[in-house]
Amino acid sequence: MPMILVPRHFFMNNHLAIEAALGAGKYAELLFAAGHKSAYAWCEREARTHGLNGVEVFEHYMRRLSQRGWGQFKVESVEPATGHARVSVTNSAFVLAHSGAPRKTCYMFRGWFPGALEFVGAQLGKRFALACEETQCAADGQHAVCVFEAMPRAADPGRVG
């Protein structure tokens, strides 16, 4: 798959400039949608390329994210039939760049887990819309890891499935 490799400081400086211009809330919304779409497409392509099915696609995605410098992603639990999952992240690139921040800094990851899990669900013949929350972030200095929880989204009248 085509890649663009850049130094972490270059990426983080751009990330922070966009966050400052848009505000963290709006930027997080945009990143959720973009990350979700990208994760779904990546999983679809990797599943086809490597003959992966179900949870092994999600686990493959977590391994590849870990290998590419975003942090070390660990699947704590996953229920592919419902879309529930819990993922912990150590050494998040965002925590390393924002250590001591009084807020959650890893919101870029929030769309990745639902996008990947919705692809897994589609493989299993299930259509669901997922949300994701970062329940703790190591950037605050009070936690050793960041934790994300994916779960079904409240009914969205504009979405089929």
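The values are calculated or read from the model by the stated rules, or taken from the named source; none is laboratory data. The model shown is predicted, which means the values in this text are computed figures rather than measured ones. Here the Cβ is made from the backbone with ideal geometry for all residues, glycine too, and neighbour counts use every protein chain on show.
Contact annotation: residue pairs with Cβ atoms under 8 Å, 6 or more positions apart or on different chains, pairing a residue in segment 49-61 that is loosely packed, with under 13 Cβ neighbours inside 10 Å with a partner that is in a helix (DSSP H, G or I), are His50/His60; Asn53/Ala47; Asn53/Gln123. Within segment 112-145, the residues that satisfy the criterion of being aliphatic (A, V, I, L, M), outside any loop (DSSP other than H, G, I, E, B) and touching a helix residue (DSSP H, G or I) at 6+ places or on another chain (Cβ under 7 Å) are Ala116, Leu117, Val120, Leu130, Ala131, Ala138, Ala139. Of the residues making up segment 12-64, just one is touching a helix residue (DSSP H, G or I) at 6+ places or on another chain (Cβ under 7 Å) and at positive phi, namely Gly54. Residues in segment 84-107 that are surrounded by fewer than 21 Cβ atoms within 10 Å (Cβ to Cβ), touching a helix residue (DSSP H, G or I) at 6+ places or on another chain (Cβ under 8 Å) and in contact (Cβ under 8 Å) with a residue 60 or more places away in the chain: Ala93, Leu96, Ala97, Arg103. Of the residues making up segment 73-111, not one is among the aromatic types (Phe, Trp, Tyr) and in a loop (DSSP other than H, G, I, E, B).
Identify, from the list Arg45, Arg64, Arg68, the residue that is surrounded by fewer than 22 Cβ atoms within 10 Å (Cβ to Cβ), among the charged types (D, E, K, R) and within 20 Å of His15 (Cβ to Cβ). The conditions single out Arg68. Aliphatic (A, V, I, L, M), modelled with pLDDT of 95 or more and under 19 Å from Glu46 (Cα atoms): is that true of Val120 in this structure? It is true that Val120 is aliphatic (A, V, I, L, M), modelled with pLDDT of 95 or more and under 19 Å from Glu46 (Cα atoms).
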